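One structure below.
The values are calculated or read from the model by the stated rules, or taken from the named source; none is laboratory data. All figures in this text were calculated on a predicted structure; none of them were measured in a lab. Positions of Cβ are backbone-derived with ideal geometry, glycine not excepted, and every protein chain shown enters the neighbour counts. Calculation scope for accessible area: heavy atoms of the full protein, side chains included, ligands and nucleic acids excluded. Shrake-Rupley method; radii C 1.70, N 1.55, O 1.52, S 1.80 Å.
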Amino acid sequence: MQNALDYLQRNQARFVAELCDFLRFPSVSAQPEHRPDMRACADWLASHCRQIGLETVVYPTDGHPIVLAKTPRGKNGSPRPQFLVYGHYDVQPPEPLELWNSPPFEARIEGRSIFARGATDNKGQLFAHLKAVEACMKTGTPLPCDLTFVIEGEEEVGSRSLAEFLKSHHHELDCDAIVISDTGMPDQNHPALTYGLRGVVAFEVTLHGPSHDLHSGTFGGAVDNPAMALCQLLGRLRDKNGRIAIPGFYDDVAPLSAYERKQFLRLPPKDAVLRKLLGVKRLFGERGFTSAERRSARPTLELNGLTSGYQGAGGKTIVPAWARAKVTCRLVPRQRPARIQKIVCRHLKKIRPPTMRLEIESGHGAEPYWVSPSVPQAQAALRALRQAFRCEPVLLREGGSIPIVTEFKKVLGADSLLLGLALPEDNAHAPNEKFDLDNFENGQRMSVLLWQELCRV
Ligand code: BES
Ligand code: ZN
């Protein structure tokens with residue numbers, strides 16, 4: 001194994017150059033004009049996997065292609081442990097472009113950071129695992145298990161195609177566990193095993209008013225304004241204590257145990273650090289809970305975007321014809337996306353302004369996830385983290401969602417080990433996204449060590 005670790009150390013410069021190549025593809029799954037880039041990125045990734053020595057197939061889907069890459073299977077037929085490594089090559093839209101210090105799809109290295117859209121979420125984290133396997137294969141270090149990389153292009157839009165693919169290909173995806181590096185760690189001295197993720201439901205809420213934009217001087221005052229009406233409607237969804245004011249919203253929420261609350265208190269970042277990082281005057285959230293709890297173990301309703309009327313330079317005196325909000329709810333264990341969708345829609349219809357037509361379009365969803373951090377596989381993962389980072393790892397619940405993990409559990413019956421390498425300051429989903437090169441290297445070492453540790457349990 002030392003040979004593989006030495007190989008990693010010797011090849012960092014090349015790995016970083018290759019990661020730059022990977023980051024150059026504008027693989028934005030949400031934007032239809034990037035379809036050809038998605039295909040090109042999947043093809044590049046597949047040919048890279050083949051170079052490493054993995055048996056690789058690209059599966060086209062109705063959405064974006066799925067890449068499956070396997071370590072060569074032994075011939076003697078004696079069954080070995082099987083693990084999947086999951087990751088995604090799709091990225092979030094890079095907008096607003098003017099806030100980037102360098103173009104989002106021209107990776108730039110500054111100090112120990114690599115800046116590009118997708119650097120941390122998820123190309124860099126995924127690449128750490130690929131490089132670990134490369135190190136084992138190129139140094140003749142025998143892997144104690146069979147690995148299958150499952151790499152999709154629709155994670156950021158709900159993983160619909162992969163969910164279908166799982167059902168039709170479950171026989172070749174049978175495994176003991178899935179390993180995923182697509183989460184975070186609180187800071188560089190705290191590598192982390194994440195044992196809980198929030199779920200999500202998405203809506204687009206539109207209020208339709210007049211049949212066309214109106215002159216606000218001629219007609220304003222005699223007709224309701226959709227932008228104003230939407231603000232008032234949305235304003236009623238949260239009370240002054242930061243609680244979501246939708247009947248039934250908290251009904252199924254699993255309460256936090258006293259033990260978890262105590263653990264949460266020990267984790268960085270402190271509120272003052274968080275406030276600075278986020279650039280806010282004051283933190284805000286549901287009364288009675290700490291920031292760590294609010295960010296990962298409590299449900300939310302957020303506005304992601306608001307659109308109405310004129311958005312260009314200068315003014316334009318109109319009453320807009322419509323107003324639209326993009327809304328998501330984050331969900332915690334025992335809340336079900338379908339039920340939350342139902343009660344949010346029901347409530348919006350109930351409080352709809354009588355002057356408007358209300359349209360609700362439901363988008364992607366993901367169920368919340370929770371797995372016991374005390375099972376032997378989780379303990380093995382903690383040992384690998386400890387050795388690779390030379391620090392004591394922590395247990396986390398996190399606020400983001402990875403839609404496919406509950407599908408893995410349902411279809412394959414296997415749990416996901418979430419071993420994230422992203423830092424809070426990595427700007428995931430934001431301008432100037434970056435990935436830390438020390439985390440990249442430690443992540444590769446963690447991956448090499450992980451397979452040994454997992455096969456000892
Ligand atoms: N890497 C994130 C998930 C994540 C973020 C986990 C932060 C833990 C902490 C992933 O790429 C992501 O952004 N997922 C989406 C899923 C959604 C579009 C269904 C998310 O959480 O918004
Ligand atoms: Zn993401």
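I'd like the residue in region 376-400 that is touching a Phe, Trp or Tyr at 6+ places or on another chain (Cβ under 8 Å) and within 16 Å of ligand 1 (Cβ to nearest atom) and, out of all such residues, is farthest from residue 335 (Cα to Cα).
Taking region 376-400 and keeping what is touching a Phe, Trp or Tyr at 6+ places or on another chain (Cβ under 8 Å), we get 378, 395-397.
Keeping just the survivors that are within 16 Å of ligand 1 (Cβ to nearest atom) gives 395-397.
Details: 395: 22, 396: 19, 397: 16 Å.
Here the residue is 395.
Would you check if residue 305 is outside any strand (DSSP E or B) and loosely packed, with under 15 Cβ neighbours inside 10 Å? Against the criterion (outside any strand (DSSP E or B) and loosely packed, with under 15 Cβ neighbours inside 10 Å), residue 305 does not qualify. Within region 437-457, the set of residues being open to solvent by less than 10 Å² (accessible area, probe 1.4 Å), within 20 Å of residue 175 (Cβ to Cβ) and not small (Gly, Ala, Ser) comprises 446, 448, 450, 451, 454.
If I go through region 128-165 residue by residue, how many of them are hydrophobic (A, V, I, L, M, F, W, C), more than 16 Å from ligand 1 (Cβ to nearest atom) and open to solvent by less than 10 Å² (accessible area, probe 1.4 Å)?
Taking region 128-165 first, the residues hydrophobic (A, V, I, L, M, F, W, C) are 128, 130, 132-133, 135-137, 143, 145, 147, 149-151, 157, 162-163, 165.
Going one step further and asking which of them are more than 16 Å from ligand 1 (Cβ to nearest atom), we end up with 130, 132-133, 135-137, 143, 145, 147, 149, 165.
Next cut, open to solvent by less than 10 Å² (accessible area, probe 1.4 Å) only: 130, 132-133, 135-136, 145, 147, 149.
Selection size over region 128-165: 8.
Residue 427 passes every criterion in (1) under 30 Å from residue 95 (Cβ atoms); (2) away from ligand 2 (no atom under 16 Å from the Cβ); (3) modelled with pLDDT of 95 or more apart from (2). Among the residues of this structure, residue 77 counts as one that is open to solvent by 50 Å² or more (accessible area, probe 1.4 Å), modelled with pLDDT under 95 and small (Gly, Ala, Ser).
Return yes when residue 196 is in contact with a strand residue (DSSP E or B) (Cβ under 7 Å, 6 or more places away or on another chain), more than 18 Å from residue 317 (Cβ to Cβ) and among the small types (Gly, Ala, Ser) and no when it is not.
On the way: in contact with a strand residue (DSSP E or B) (Cβ under 7 Å, 6 or more places away or on another chain): yes; more than 18 Å from residue 317 (Cβ to Cβ): yes; among the small types (Gly, Ala, Ser): yes.
Taking the combined requirement at face value, the residue satisfies it.
Take the residues in region 202-215 that are surrounded by fewer than 16 Cβ atoms within 10 Å (Cβ to Cβ) and either of a type in the set (Ser, Thr, Tyr) or over 11 Å from residue 322 (Cα atoms) (or both); name whichever of them is nearest to ligand 1 (Cβ to nearest atom). Filtering region 202-215 for residues that are surrounded by fewer than 16 Cβ atoms within 10 Å (Cβ to Cβ) and either of a type in the set (Ser, Thr, Tyr) or over 11 Å from residue 322 (Cα atoms) (or both), the one nearest to ligand 1 (Cβ to nearest atom) comes out as 211.
Restricting the search to region 75-96, which residues are more than 16 Å from ligand 2 (Cβ to nearest atom) and over 17 Å from residue 454 (Cβ atoms)? Result: 75, 76, 77, 78, 96.
Looking only at region 413-436, residues that are more than 14 Å from ligand 1 (Cβ to nearest atom) and open to solvent by 10 Å² or more (accessible area, probe 1.4 Å) come to 6 in all. With respect to (1) closer than 24 Å to residue 139 by Cα; (2) in contact with a Ser or Thr (Cβ under 9 Å, 6 or more places away or on another chain), the lone exception for residue 44 is condition (2).
Quick one: is residue 291 touching a helix residue (DSSP H, G or I) at 6+ places or on another chain (Cβ under 7 Å), open to solvent by less than 20 Å² (accessible area, probe 1.4 Å) and hydroxyl-bearing (Ser, Thr, Tyr)? So residue 291 passes the test.
Checking each residue in region 340-372 for being more than 16 Å from ligand 2 (Cβ to nearest atom), within 22 Å of residue 162 (Cα to Cα) and out of contact with any helix residue (DSSP H, G or I) (no Cβ under 7 Å at 6 or more places or on another chain) picks out 368, 370, 371.
Could you list all residues from region 139-161 that are more than 30 Å from residue 363 (Cβ to Cβ) and in contact with a helix residue (DSSP H, G or I) (Cβ under 7 Å, 6 or more places away or on another chain)? Residues satisfying the conditions are 139, 141, 143, 144, 145, 147.
Can you tell me how many residues in region 110-161 are within 19 Å of residue 26 (Cβ to Cβ) and more than 16 Å from ligand 2 (Cβ to nearest atom)? So the count comes out to 2. Beta carbons closer than 7 Å, at least 6 apart along the sequence or on distinct chains, never pair a first residue in region 1-21 that is under 13 Å from residue 437 (Cβ atoms) with a second that is of a type in the set (Gly, Ala, Ser) and loosely packed, with under 14 Cβ neighbours inside 10 Å.
Just checking, does region 216-226 include any residue being open to solvent by less than 40 Å² (accessible area, probe 1.4 Å) and either assigned to a strand (DSSP E or B) or touching a helix residue (DSSP H, G or I) at 6+ places or on another chain (Cβ under 7 Å) (or both)? No, every residue in region 216-226 fails to be open to solvent by less than 40 Å² (accessible area, probe 1.4 Å) and either assigned to a strand (DSSP E or B) or touching a helix residue (DSSP H, G or I) at 6+ places or on another chain (Cβ under 7 Å) (or both). Among residues of region 174-201 being open to solvent by 10 Å² or more (accessible area, probe 1.4 Å), in a loop (DSSP other than H, G, I, E, B) and more than 9 Å from ligand 1 (Cβ to nearest atom), the one that is nearest to residue 302 (Cα to Cα) is 186. Taken over region 427-457, residues that are over 21 Å from the mean Cα position of the chain (by Cα) and of a type outside the set (D, E, K, R) amount to 8. Residues of region 17-45 that are part of a helix (DSSP H, G or I), hydrophobic (A, V, I, L, M, F, W, C) and surrounded by 19 or more Cβ atoms within 10 Å (Cβ to Cβ): 19, 22, 23, 38, 41, 42, 45.
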